[in-house]
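The values are calculated or read from the model by the stated rules, or taken from the named source; none is laboratory data. If you're wondering where the values come from, they're calculated on a predicted model, not measured in any experiment. Positions of Cβ are backbone-derived with ideal geometry, glycine not excepted, and every protein chain shown enters the neighbour counts. The accessibility values were calculated without ligands, DNA or RNA, using every heavy atom of the protein model including side chains. Shrake-Rupley method; radii C 1.70, N 1.55, O 1.52, S 1.80 Å.
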Amino acid sequence: MLLRPVRDTEEDAETVRKLAEAAFGASHALKGDAPTAPPTEARAARSREKIRHIVRHDPAGSWLAEDHTGQAVGAAQSHIREGTWGLALLVVLPGAQGKGVGGALLQRTLEYGRGCLRGIICCSRHPAAARVYRQAGFELHPTIRMRGTVDRAALGTVDGAAVEGGPRDRDLLDSIDRRLRGGAHGPHHTYLMRHNRLVVADDLAGSGYCYIGADGKVALLGATSRRLAKRVLTAALLGVDEGVTVEVQDITADQQWAVDVGLDAGLELRAEGFVCYRGLRPPTPYIPSGAFL
């Protein structure tokens, strides 16, 4: 097996995307979210864009594993933001499982983050994932996923001002990030703004933000208080088009405020995977991004 860096090219990005698609579709991913529908070209292009975004900003954090024939059998991506390391992706093809591929890829990403005090991983329910990340020194926190169409009448109105956000809010977003997770998301906010609606609340009571996609998936949320977190999540859910199925993932037990919003909105709850932390207490109120943590 050969490990090599992922290059910032469409060819390498497509290789990583296909690995993730094959691994997630077969439920053999160590980390990530399985696609819920067959990929369209638009979704594939967006996946390649995200892969290249991470490679561009953290070239030493992305790796491909190839077998003796040169075929790609696994990939991993990680990033560092102000001393906070995150594992964005770890996938291994089913036929290469149990041969040390995943462990070798994870080790390379951990070496990239060796000088970081803090680490975060959003982990699937695959049995190997919890074992590997725990052995790497991470604390595992079970998570809840909420999904369904929003009952607008039951959810009610937003408790206070929540407005559309944009690039002008970058300093505010980074400030919230630092308070919660020790490091700002920085350029990741640029990517998230490009593909999601951003809801921001900022007043004397505190600050908060929430990204939500047109597909109804909450991408990332952070706030300085539970009240502000409930406000931006409620506003984000109410802003989704009628009939769209919304989804909020990676909700730990510390985020009961989010559970309350989901129950009010009529969403169904189920146990999902884990969020793994090393070197920091679970941030709250906070809902991480699967890729940008």
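Ordered by solvent-accessible area of protein heavy atoms (1.4 Å probe), largest first, the residues 263, 93, 106 come out as 263, 93, 106.
Normalised per residue, the accessible area of the chain is 43 Å², obtained with a 1.4 Å probe and no contribution from ligands, DNA or RNA.
Annotation: amide H of residue 148 within the under-5 Å range of 246, 268, sequence separation 5 or more or interchain, hydrogens built in the peptide plane. When the Cα positions of 192, 257, 127 are compared along the charge dipole of the chain, 127 comes out farthest toward the positive end, with charges on each C-beta of Lys, Arg, Asp and Glu.
Using only helices, what value at 222 nm comes out for the chain when you add -39,500 (n - 2.57) per DSSP H run of length 4 or more and divide by the total residues, to the nearest 500 deg cm²/dmol? Calculated mean residue ellipticity at 222 nm is -10500 deg cm²/dmol.
Residues 109, 69, 224, 149, sorted by accessible area with the largest first, give 69, 149, 224, 109 [1.4 Å probe; ligands and nucleic acids excluded]. Decide, for segment 146-292, between rounded, prolate and oblate: order the square roots of the alpha carbon gyration tensor eigenvalues as a ≥ b ≥ c, take rounded if a/c falls under 1.5, and otherwise choose prolate if a/b is larger than b/c, else oblate. Rounded.
Under 5 Å from the amide H of residue 89 lie the amide H atoms of 77, each residue being 5 or more positions distant or on a separate chain, with H modelled from the backbone and absent for Pro and chain starts. Whole-Hz Karplus values for segment 256-271 come out as 5, 4, 5, 4, 4, 5, x, 5, 4, 7, x, 7, 8, 10, 8, 5 Hz, taken residue by residue from phi with 6.51 cos²θ - 1.76 cosθ + 1.60 and θ = phi - 60°; glycine and proline positions read x. What shape does the chain have by the C-alpha gyration tensor, where a ≥ b ≥ c are the square roots of the eigenvalues, rounded means a/c under 1.5, and otherwise prolate means a/b greater than b/c and oblate the rest? Prolate shape, in that a/c is at least 1.5 and a/b is the bigger ratio. Split the accessible area of the chain by element, probe 1.4 Å, and carbon with sulfur accounts for 51%. Once C-alpha pairs closer than 8 Å and six or more residues apart are averaged by separation and normalised to the residue number of segment 55-168, the relative contact order reads 19 percent.
Evaluating 6.51 cos²θ - 1.76 cosθ + 1.60 at θ = phi - 60° for every residue in segment 202-207, the Karplus couplings come out as 8, 8, 5, 7, x, 9 Hz, glycine and proline recorded as x. The solvent-accessible area of residue 144, taken with every protein chain present and a 1.4 Å probe, is close to 40 Å². Less than 9 Å Cβ to Cβ from residue 3, Lys/Arg counted +1 and Asp/Glu -1: what total charge do the surrounding residues give? Taking every other residue near residue 3 into account, the sum is +1. Measuring between their Cα centroids, segment 52-112 and segment 199-256 lie 30 Å from each other.
Which whole-number percentage describes the relative contact order of the chain, with Cα contacts under 8 Å and a sequence gap of 6 or more?
Reported as a whole number, the value is 21 percent.
Given Cα pairs under 8 Å that are at least 6 residues apart, what percent is the relative contact order of segment 124-276?
Values: 278 pairs, mean separation 58.4, N = 153.
That works out to 38 percent.
Given +1 at the Cβ of Lys and Arg, -1 at the Cβ of Asp and Glu and no other charges, the dipole of the chain around its Cα centre is 740 debye to the nearest 20.
Of 193, 146, the order by accessible heavy-atom surface (1.4 Å probe, DNA, RNA and ligands excluded), from most exposed downward, is 193, 146.
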